[in-house]
Structure formats: C-alpha cells, structure tokens
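So the structure is just underneath, and the comments pick up after that.
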Amino acid sequence: MKIRLRRLNQIVIISLAILGIRLFSLQIIRGERYARLSDRNRIRKIILTAPRGRIFDRNGIPLADTRPSWTIAVIPTETNDSALSFLSAILKIPMPELRRRLEPIAAFPSPVNICRDVSFKIVAQIEENNFRLPGVMTRVDPVRNYPYGPIYAHCIGYIGEITDAELARDTSYHRLDYIGKTGIEARYEKRLRGADGTQFVEVDVRGREIGPLPEKRVQSPISGNDIYLTINHRLQQLAYELSKPYERSAVVGIAIRTGEILCLISNPAFDPNLFLSHLNSARWDSLVSNPAKPFFNRVISAAYPPGSTFKPLIALLALEKQLITPQTNFIPCNGGFRYGNRTFRCWSAHGHLNLIEAIEQSCNSYFYQIGLRLNVDTLSKFCRRLKLDQPSYIDIPGEKIGNVPSREFLNRRYGKGKWTQGVMLNLAIGQGELTLTPLQLALLYACIANDGTYFQPYLVDRIESAGTVIYTANPKQVKVELNSSQLKIIKTALTRVVEYGTARGAQLPEISIAGKTGTAQNPPKPDHAWFVGYAPAEDPEVVFAVILENAGQGGAAAAPIVSALVRSYFLSKNSYAQD
Amino acid sequence: MRKIDLTLILIVTFLIIIGLIAIYSAAGTRYLFRQLLFLPFGLVGLLVAFFTPRRIILGTAEILYILTLIMLITVLIWGTGPGAKRWFAIGAFNIQPSEVAKFTTTVVLAKYLSYRRNLKLDFPNIAGPAFLTITPVLLILAEPDLSTAISILPAFAAMLYWQGLRPLHILLLFIPPFSFVAGFSIYFWIPFFILLAIIVFLRMKFLPAITTLIISSAFGLLSPIVISLLKDYQRARIKNFFAPWLDPHGIGWNAIQSQIAIGSGRVLGKGYLKGTQKRLGFLPNRHTDFIFSSIAEEFGLLGSIVLLLLFFLFIHRILLTAYKTRDQNGALLCIGFAAIITYQIFVNIGMLLGVLPITGITLPFISYGGSSLLVTMTMLGLLLNVGTKPE
C-alpha cells in the first residue's frame, strides 16, 4: 500500500511540477514579451491629425483653411477578409490597393487610414453595416479647404495623398498623409504641415475604446504655421475673371518696390479641392490628358517670345552701344523692311519715325534696322546682365527660365555659318530664339520702372505660429547696370504707348499707365497677345504682365486687362488706406 | 470515530475564499453573490455526504448510478448548452448531469472494486467495472463533452492500480480507446504507436507484445473507416469535437489570450482587480474555465504557485486518508476522487498554460458554477466521512 501511495503522490507532484515549470517559463522567461503583448492587446495608438496651417491673402482673407472631414480607418489586426472586400465595394477601391494601404503594421494596433475625405453617404453606409465590418472605423479629421477653388490653383497649389516615392524620401509621413504637391503648399510643406499628435487609448476585446490610457499623456497635435501671402485677393479674383475667357493665359502682378507678388493666375486652372478625396480616375484622366495642361503654371514655367515687349530693351541696348540716338531716323517704314532678298514685315506702314515714336507705334521696320547693327554677342551679354539667364528665385517650385540666344546656341541650331544677320533682325523685334516667362517679363519692366533695380519676387509675406510672427519677408534687391538718362527716354516712350500708341485701350482717366504691347508669333497657330505695364507711370508702384495665348494682337485683348487690374489695385489701396 | 481532518477543511476553505476573490475580480458582484448562494447548497451536499452512514451510501450506489444514467440519457434529449446538450436549465440554475456522473460512477466503482484485491487483467475481474465506467463515459461523449467524459477514466485507472493491477496492464486496458481516438489523425497515431511499441517490447514477451500491437492497429484502423462512412457535416462535427478550441477569432485565440494574461502577470502580478486581459474581455469565460488565467495575471507567479501548493496539499491529504483508512471501499473512494480532482486541475491549468488543448473544464473550488461546487463539496463530505468513521 505504501509504495502505491508514494507512486500516486509522485504522479500528482509530477503533474503539478509540469504546470509549475510552464508557469515559470511563461511568467519569468517570457514574461516581458507577454507583458508587451498584453499592452498591444489593450492599447491602441491613435494619430491625431494636425490641422494644416492656414494661408491668407495680404489682408487676412483666408485662401486655404481646414474643415472637418470623414476618414475611414482600418485596424489591420482586427479586421478580416470579408470585411475588407465589403469595404472595397463601398469605397470603390480595388482589393489589392486596399491591402497595400494596410501594409505598415505598427507596434500597437493602430487604425490605418484607408480613405480620407469620404462623403457622408459612405460613412452612413459603413456605420449601418458596422457588424459586417470589424476593425473598420470612421472618424473626423481636419482636412484642407480651398474656398476659392481654381483661383489659387497655381499660386497656393494643392495637396494630395503622399506617393510611395515621397514616402520613401521622408519617413516621418504615413501612407495616405497629405503632402503639398505644388505651389506654396509644396514649398512651405514643412511649415504648413504641423505635427500630428498621438493618443494611447485602452480598448476592450471588441475594439471599443474605453478611454485614454492613464500612463501615457496625450500628445496634442500642433497645427501648422499660418502663412500670409503678398497676394491681394481682390486683384487675384479680378485677374482670374478677366483672364478666364482665354483658355490658355497667364497674369502676374508685382509690387515694384518690394517684389511682392500681388496676383498670379495661370489658365486653365483646376480645383485643388479635387485631390483631397480619393479622386476618381476619370476625373484625373481628364485633367491630365487636357491638351491645355491645367497643371502647367504658365506664369513661371512657360516661356514665350516676348515680341514687341522686348523692343524697349533692344532700344536701350542700342542707345547704350551708341548704335542709335533718340533722334535716329532710319529708312521709313513702308509696311516692311527689305533685307537681302527677303522682306521683313511690319504690321503697318509707319513712315518716318524717331525712337520714341517707333516704340509708341511698335514699328518693326525701325527695329529691324537696329537689328542690322546688332551683334548676337552684345545682345546675349545684355540679356545676361538683365539676369534673363537666371531664375528669379520666386518662392514656389517649378520656375523655368526662357532662352537667351548666344552665338553658340545659334550655331548649334542652324549650323555654324548657316545663319545670317536676318536672325538678329527677328531678335530685335522680340521674335525667334529669345523667350521669356511672364514673370521674367514683369520683372524686366519692374527693373525699367525702378531705374535698374528690381526685387526678387516672393509670395510669402510672413509666417505666424500660433499668432506669433516667426518669419517676415525681407525684400532682396537686384541691381542691373543701366543708364538712367537712357532709361528715362524708354520710360517716356512706354508712357506714350498707352497715351497715343498701340495700347490706348489701356488708358485710365485717373492713373497713367506705361507699358508695351507685344505679339508672340506662334506659327502656324494664332499669335499670343502680350501686354506688360506699370503704373503710375511717373512713380511706378506696380507692374502687370499678361499673356493671352492665341488671342492675336497684343493691344486689343491684353492691355485692357492690365488697366482693369491697375484701377482695382489703386482703388483697393485707397479703400484700405481709408480703413 | 477519529478526529475530523481540520487541515483538509482549512485548505478547502482557503481554496473557496481564493475562488470567491477571483470570481469578484473576474465577473463582479453579481457572480460573487450567486456563487455565495451556491455555497449553502454545497455545504448541504457536504453535510449529507458526511453524516450519512457509508453503509447506506454504498447500499444505494447502484440506484444512484442508474438514476445518473437516466439523467445522462434525458439530458441528451432535453438538455441545453452552447453547441451541445450538457445541462438542464431549471430556473436560474443549470444542473449538469455529467458532474453528478463523476461522483456516482466513482462510488459504484469503489463498491465493486473493493471486493477484489490483487486484481488481474482478465475478463471476470475487469469486465464489470469496465462496463460501469464506459457507459457514462459514452453518454457524456455523446453530449458531446470530451473532457468531462475522460475525467472519469483517471478515477477508474487509479482505483485499478490501488487494487493491485499492474501499470502495464492498465495501459493495455486503455489501448483500444486510445488507439481509436488517435486514429482520427495519422499525426497522432504514429507517435502513439511508436511509444506503445517501445513500452510493450520492453515489458512484455514477444507474442503478447505483437498481439497488443495488432489489437492497437486494428482499433487505430477502425477510426478512418468509421470516418469514411460518415457524412460531411458529421465529419465536421468530429473535427470540432476534437478541436473545440477552433473559435471565431481563429485558431488558438483563446489559448493565446490566456497565455498572454498569465505571462504578463510575471512575478508579482498586475495587482488585484488590475488585470487588463481580464478587465477588457480578452479572457473568455474568465470566471469559469479561465479563472486561473485571471488569478495568474493579477497575482503573478507567486500567487499561482501558492494556489498550486494548496491543491497539492489538498490531494496529498486525500491520498493520506486513503492510506490510513483500513476500509477498502473508503480508500477507493479517496483514490477515485483524488484522481478526478487532479485530472481537473491538470487539464484546466494545463490548457490555460498552453500545454493542452482548450476544452471546457472547471477548476475545482475556484471556478464559478453551482454543479461543480456541489459535486466537489459532496465528494469532500464523503472523504471526511471516510477519514472520520472507519467501517
């Protein structure tokens, strides 16, 4: 009996010892790991989206702010295939794409954003089918709002879902985060972004949030900085309305004494609000395949031949090089100028003209004859002095510069010795190989208006963080060596262009405008119409450049837009001064 | 009449108090009060078993046994339970006949085996007790409730051993059912067969050894044949029967959550009422089958070991009673009950620790539940009866 008792006792001891050893292994050897797993079970990390910084015009009108929106998020560890395929049907996102978005798995089961800024209809559908969608949640996030839609498409730009490439570059982003793609949104991404907060909440087995985790403090989101632009919203709106009828066009206005961009419009535009929600591909395709290129910022990226708007500069160069005097009379214009066996055409028969009259009437024949005396190296050197071969360093991305022709360039283009002075004749009237962006042209005129100094253009006036100014723009002067008495002649001529010449349509009773029309040849399509002008002519404050693609002769279409803008500029200036 | 075993009463008191503390933590006052309500019933069971002369108990053993079988049959017809027919719902209470069967089967086996000392493995010796055991086991299997059905077998084996049957012979006795069950999966059957072959060739002569293996193989082959005769839904049921731990959260979710709860308790635990796994509902049935996980989470290794030691002292005390008593029948009752309780402790805690698959089995004295408490308390009463009043 005794032996049996002992045996049975041993069996009991062995059984309990197995349990004891296993307990030791779980609680001591692997205890830390299980403690972590237990936390993972109950703790959910929630990202509190930081509201993006707002963007205002110079007078504090909000141009980009935030509004509440619905976000659909999924907790990868708590969902299942049937829920995902159901969700895929509701959101119209294909399954593989849905899975791709769920990929990153965090240390704590946290909701991963699947789709942002969804409609309330979809939210209602998801809430109704709650029981079929484990691990799927809806929540409210602040999202960008552009109250003026396309008006600021090329100035503020837009934000959109981060791409894989962008994600790879900066690991502080999460998939489906928004990131600035163009314009101010892209250039000032770091300032506008803010810092997302985190909150740890305790959840029960059904994934219901019980409350904040007492051990961990909530890290509140820090909203992005607010940006005040130099843009004048009234002017911008007006510029948009006036230029919109021209499918492809650009308008830029600059404050001459600071370099502040007052308005910047490129047509066609797009509604930047479109890229916040999951964009349907048909809409995207129609934007991308639009031959007018709505994403193309014509103000800073499109280079056109300046046409006659370049004549004042050719005149300046000719005066400087003493090729002509203001009184020089060339062979009278009879509607063209014969060079070699070819006739270079003028748009009218102007007869005898001096320099000022030639600018005023925009006579090609006169400038062909300057061209005859011009050397390509001289021109190219002059252009470089005018900094036409350099970007303006405006504070939005995508700036391009036009082309400054040089001897090498012409040799490359036509073959060495295969081009004649005829090329120079064309260049002298602003056609041919010389191209400028509207921004460059506006700056060129700012430089003329301001006696050889202009300011680097900029859009951001100041940045505020929670009401404290943390950055203020500091205008940067750029000096160009120009003879002021010669400049005076040119300026007189530009005033006369509006008073008596080709841009009489731009006249205003109360303010004198100086400027120049231009026609950029665009064979075989209709010409582009230019007008660039500054005001007041006697003490210039503001310069505007307008290009209307395929709108024909410059004076007719483009000049009135500038005069309307000038009037609005001075009206609003006076009304603000009275406030 | 000898002195009543106060140590045993003290240990059980401790265990019940631990149980009440744990039930409160796991499920709140509602379940605590209900368990407190069950206690008097348990005490009544204990007192009745203690004061009733064993003569009478043994005299009515067969009647009790037959009544139990009737209950087991009727529960198959009118019973309820989650996915099975396990209990009668009477008002707010559930009566679980399989719990009663553990008790009555042990009593009836104790009565029959007490007539035979130095048991041999032959038909007249074994057939009767084996039949008495198998009948309720099969009825409980039919509910289906595998773990409770099996819980009667250790009692049977332990009592056979106590009455002198050689361990090898006990093993041989259990070969056919084991082989049949293992035969459902080739991955179970092959290791089982190899292990058996080793034991058999070491301990037996060649011919009987071969015979044993052939019998084993025959039963092993039987189960694939049986399976092939079944319909698809029946096969699915069998799969579910052997793997009840397949739950809606996916394979092993409950087991994993239980291990996370236990492991995260570490040395001293998270503190009373502070178990997050328990509180936030990651532990299923946290006041019944999974109560040990909750205790281990809140009281850590220290608390768990204290509980295991109390269980050991309790079983050790019963075995000592069996040894001290000169009465065959009383000793067998002790051995049978000790085996059942050891089995329950081992299987319950073992499944929570991930040593065994998850099945529905309660932890004696600790888990919430009236039937379980009533039956264990009655067993205790009978044990005290044996310890104090030798016949």
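The values are calculated or read from the model by the stated rules, or taken from the named source; none is laboratory data. Given the structure is predicted, the values throughout are model-derived calculations rather than measurements. Note that we place each Cβ from the backbone using ideal geometry, even for glycine, and neighbour counts take in every protein chain shown.
Structure notes:
- Cβ pairs under 6 Å, 6+ apart, first in segment A:26-49 and under 18 Å from B:ALA255 (Cα atoms) and within 8 Å of another protein chain (Cβ to nearest Cβ), second of a type in the set (Asp, Glu) and not in a loop (DSSP other than H, G, I, E, B): A:ARG42/A:GLU202
- Here B:LEU301 meets the list (1) in a helix (DSSP H, G or I); (2) surrounded by 24 or more Cβ atoms within 10 Å (Cβ to Cβ); (3) within 8 Å of chain A (Cβ to nearest Cβ) almost entirely, failing just condition (2).
- Selected residue (only one of B:GLY370, B:GLY269 is in contact (Cβ under 8 Å) with a residue 12 or more places away in the chain, within 11 Å of chain A (Cβ to nearest Cβ) and either closer than 30 Å to B:ARG116 by Cβ or among the small types (Gly, Ala, Ser) (or both)): B:GLY269
Conditions tested, residue by residue: (1) more than 21 Å from A:LEU274 (Cβ to Cβ); (2) modelled with pLDDT under 90; (3) of a type in the set (A, V, I, L, M, F, W, C).
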residue	(1), (2), (3)
A:TYR152	no, no, no
A:GLU161	no, yes, no
A:ARG169	yes, yes, no
A:ILE184	no, no, yes
A:PHE200	yes, yes, yes
A:VAL205	yes, yes, yes
A:GLU209	yes, yes, no
A:TYR228	yes, no, no
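- Matching residues in segment B:158-191 - criterion: being assigned to a helix (DSSP H, G or I) and over 23 Å from the mean Cα position of the chain (by Cα): B:ILE186, B:TYR187, B:TRP189, B:ILE190, B:PRO191
- Within segment A:163-187, tally of residues that are surrounded by fewer than 19 Cβ atoms within 10 Å (Cβ to Cβ) and in a loop (DSSP other than H, G, I, E, B): 8
- Residues being under 30 Å from A:ASN297 (Cβ atoms) and either among the hydrophobic types (A, V, I, L, M, F, W, C) or surrounded by 14 or more Cβ atoms within 10 Å (Cβ to Cβ) (or both) - total across segment A:119-148: 7
- Under the condition of being surrounded by 20 or more Cβ atoms within 10 Å (Cβ to Cβ) and closer than 24 Å to B:ALA296 by Cα, the residues counted in segment B:33-59 number 1.
- Restricting segment A:185-224 to residues that are touching a helix residue (DSSP H, G or I) at 6+ places or on another chain (Cβ under 8 Å), of a type outside the set (Gly, Ala, Ser) and away from chain B (no Cβ under 14 Å), the residue that is nearest to A:ASP271 (Cα to Cα) is A:GLU185.
Residues checked against (1) part of a strand (DSSP E or B); (2) surrounded by 19 or more Cβ atoms within 10 Å (Cβ to Cβ); (3) outside the structural domain of A:PHE56 (by TED's automatic domain parsing); (4) in contact with a Lys or Arg (Cβ under 9 Å, 6 or more places away or on another chain):
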| site | (1), (2), (3), (4) |
| --- | --- |
| A:ALA442 | no, yes, yes, no |
| A:ASP461 | yes, yes, yes, yes |
| A:VAL469 | yes, no, yes, yes |
| A:GLN486 | no, no, yes, no |
| A:SER512 | no, no, yes, no |
| A:GLY518 | yes, yes, yes, yes |
| A:VAL543 | yes, yes, yes, no |
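- Applying a threshold of 7 Å to beta carbon distances and a minimum spacing of six or more residues, or different chains, the list of pairs starting in segment B:144-161 at a residue that is within 14 Å of chain A (Cβ to nearest Cβ) and ending at one that is at pLDDT below 85 reads B:LEU160/B:LEU119.
- Remark: A:PRO397 falls outside the filter, which requires a residue to be within 23 Å of A:ASN474 (Cα to Cα), without any contact (Cβ under 8 Å) to a residue 24 or more places away in the chain and assigned by TED's automatic domain parsing to the domain that holds A:ALA446.
- Identity of the residue in segment A:12-25, under 28 Å from B:LEU119 (Cβ atoms) and surrounded by fewer than 18 Cβ atoms within 10 Å (Cβ to Cβ), that ends up nearest to the other protein chains (Cβ to nearest Cβ): A:ILE13
- Scanning segment B:313-336 for residues that are of a type in the set (Phe, Trp, Tyr) and at the interface with another protein chain (Cβ under 7 Å from one of its Cβ atoms) yields a single hit, B:TYR323.
- Test: residue in segment A:75-89 that is aromatic (Phe, Trp, Tyr), farther than 30 Å from A:ARG234 by Cα and within 14 Å of chain B (Cβ to nearest Cβ): no
- Flag if A:LEU8 is more than 26 Å from A:PHE131 (Cα to Cα) and touching a helix residue (DSSP H, G or I) at 6+ places or on another chain (Cβ under 8 Å): yes
- From the list A:ARG58, A:ARG67, the lone residue that is outside any loop (DSSP other than H, G, I, E, B), away from every other protein chain (no Cβ under 11 Å) and touching a residue at least 24 places away in the same chain (Cβ under 8 Å) is A:ARG67.
- Subset of segment B:337-352 that is more than 9 Å from every other protein chain (Cβ to nearest Cβ) and out of contact with any Pro (no Cβ under 7 Å at 6 or more places or on another chain) - its residue that is farthest from B:ILE366 (Cα to Cα): B:PHE337
- Checked against the criterion of being in contact with a Cys (Cβ under 8 Å, 6 or more places away or on another chain) and over 18 Å from A:ASN9 (Cα atoms), the candidates B:VAL355, B:VAL386, B:VAL375 yield just one match: B:VAL386.
Rundown of residues vs (1) more than 23 Å from the chain's Cα centre (by Cα); (2) within 30 Å of A:PRO457 (Cα to Cα), yes/no style:
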{"position": "A:LYS244", "(1), (2)": "no, yes"}
{"position": "A:VAL251", "(1), (2)": "no, yes"}
{"position": "A:LEU287", "(1), (2)": "no, yes"}
{"position": "A:PHE295", "(1), (2)": "no, yes"}
{"position": "A:VAL299", "(1), (2)": "no, yes"}
{"position": "A:GLY307", "(1), (2)": "yes, yes"}
{"position": "A:ARG345", "(1), (2)": "yes, no"}
{"position": "A:GLY351", "(1), (2)": "yes, no"}
{"position": "A:GLU360", "(1), (2)": "yes, yes"}
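- Restricting segment B:272-295 to residues that are surrounded by fewer than 24 Cβ atoms within 10 Å (Cβ to Cβ), of a type outside the set (S, T, N, Q) and in contact (Cβ under 8 Å) with a residue 40 or more places away in the chain, the residue that is farthest from the other protein chains (Cβ to nearest Cβ): B:TYR272
- Here A:PRO109, A:PRO96, A:PRO150 are screened, and the one residue that is in contact with an Asp or Glu (Cβ under 8 Å, 6 or more places away or on another chain) and in a helix (DSSP H, G or I) is A:PRO150.
- Flag for B:VAL355 being under 19 Å from the mean Cα position of the chain (by Cα) and within 7 Å of chain A (Cβ to nearest Cβ): yes
- B:ILE134 vs. criteria out of contact with any Gly (no Cβ under 9 Å at 6 or more places or on another chain) and crowded, with 17+ Cβ neighbours inside 10 Å: no
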